[in-house]
Amino acid sequence: MDWKNLPESGNVEDRRGGGGLPGGGLAIGGIGGLIIAVVALFFGIDPSVILGGGNSGQQTQPQTQTQTQGGQTQSGTRDESYQFVSRILGSTDQVWTGIFKQSDRQYTKPKLVLFSGGVQTACGQASSAVGPFYCPLDSKVYLDTGFFNTMQQRLGGGGDFAYAYVIAHEVGHHVQNELGIADQVERKQRAARSEAEANSYSVRLELQADCFAGVWGNKVRGSEAANLTQQDIREALNTASAIGDDTLQRAGQGRVVPDSFTHGSSQQRVNWFNKGFQSGNPNNCDTLNVPYNQL
């Protein structure tokens with residue numbers, strides 16, 4: 001993937017080197033808190049590490065230890081992590097601006113915050129252990145780029161397009177926020193009669209974000225500048241499979257509990273990413289109106 005040919009974004013905020021989290025637990029509420037909490041389950045991390053203090057023992061280290069300001073190192077040059085994230089975000093901005101325009105809608109571009117150790121958001125405090133996440137209360141994607149190392153070492157995934165898929169998935173949550181889908185799902189979760197039912201709505205939300213990531217991938221594939229290869233596509237599919245709830249549960253606890261799924265099985269994640277990737281049409285990503293056993 002020739003990501004250096006993609007357009008840059010001016011909406012990357014670099015907070016790396018800011019020191020870790022201040023004292024206290026995570027202040028969460030609404031769907032923002034929900035998304036932050038379930039991302040921990042997404043990556044097989046004990047949510048109590050994020051929600052109630054404690055230490056994961058495997059704090060992700062940022063790829064660069066250099067103090068940065070405005071995306072620049074002390075030497076005045078932007079590091080490669082910043083450039084990569086900026087261009088992937090810029091390409092998602094371009095894709096979704098065009099898609100929204102086709103429907104006579106205006107797309108509000110999200111911001112992406114790079115951080116190391118921990119970060120304060122409108123959805124509360126979070127540590128690097130939570131993995132990448134989106135906060136709808138401030139319309140920002142949060143990412144410790146050290147997570148890409150975790151993808152390689154713990155999830156068996158890696159490669160530029162796989163890393164880009166992770167960013168595009170979080171941007172997919174922003175698209176849901178823009179379209180009012182996130183609010184719709186939150187209302188359904190509040191009215192749910194059981195934890196399993198509430199989880200099922202979370203699965204629908206996450207699979208749709210996978211599909212939206214696939215839509216972005218389709219548009220990038222159609223661009224000669226990106227030069228996507230079959231190897232790139234395999235890397236993204238491998239990542240989608242590696243972060244399925246069943247795969248993570250089997251590895252983490254030795255058994256699979258479908259009622260506790262919050263992001264979908266490996267096969268579901270691959271299928272919905274592929275649905276968006278093959279069609280390039282976000283209208284094919286309606287996970288909310290598909291019978292749950294047919295997702």
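The values are calculated or read from the model by the stated rules, or taken from the named source; none is laboratory data. These figures come from a predicted structure and were not determined experimentally. Positions of Cβ are generated from backbone atoms using ideal geometry, with glycine treated the same way; all protein chains shown enter the neighbour counts. Quick note on the areas: whole protein, heavy atoms, side chains included, nothing else; ligands and nucleic acids left out. Shrake-Rupley method; radii C 1.70, N 1.55, O 1.52, S 1.80 Å.
A few remarks follow.
- The 1.4 Å probe gives accessible areas that order Arg221, Arg15, Arg190, largest first, as Arg190, Arg221, Arg15.
- FRET efficiency for the Asp138 to Arg255 pair, using the beta carbon distance and R₀ = 41 Å, is estimated at 0.65.
- Counting protein heavy atoms only, the range 228-277 has 46 percent of its accessible area on carbon and sulfur, 1.4 angstrom probe.
- Rounded accessible area of Thr108 (nearest 10 Å², 1.4 Å probe): 80 Å²
- Thr229/Lys4 FRET efficiency (R0 22 Å; Cβ-Cβ; nearest 0.05): 0.90
- Available extension along the chain between Leu179 and Gln106 is 25.2 nm, counting 0.36 nm per residue and deducting the alpha carbon span.
- Every pair of different Cα atoms in the range 183-292 enters the Kirkwood calculation, which places the hydrodynamic radius at 14.7 Å.
- Gained length - Thr97 relative to Glu80, 0.36 nm times residue gap less alpha-carbon distance: 3.6 nm
- HN-Hα J in Hz across the range 205-213 - Karplus 6.51, -1.76, 1.60, θ = phi - 60°, x for Gly and Pro: 5, 5, 5, 5, 5, 4, 5, 4, 4
- Equivalent ellipsoid dimensions for the range 145-237 as semi-axes, Å, which come from the Cα gyration tensor, largest first: 29, 17, 10
- Per residue, in Å², the accessible surface of the range 185-295 once ligands and nucleic acids are set aside, probe 1.4 Å: 47 Å²
- For the range 165-174, backbone phi angles converted through the Karplus equation (6.51, -1.76, 1.60; θ = phi - 60°) give residue-by-residue couplings of 4, 4, 5, 5, 5, 5, 5, x, 5, 5 Hz, Gly and Pro being listed as x.
- Here the range 124-197 yields Rg over Rh of 1.05, to two decimals, using C-alpha coordinates and the Kirkwood radius.
- Taking all protein chains as they are arranged and a probe of 1.4 Å, the heavy atoms of Phe148 leave approximately 10 Å² accessible to solvent.
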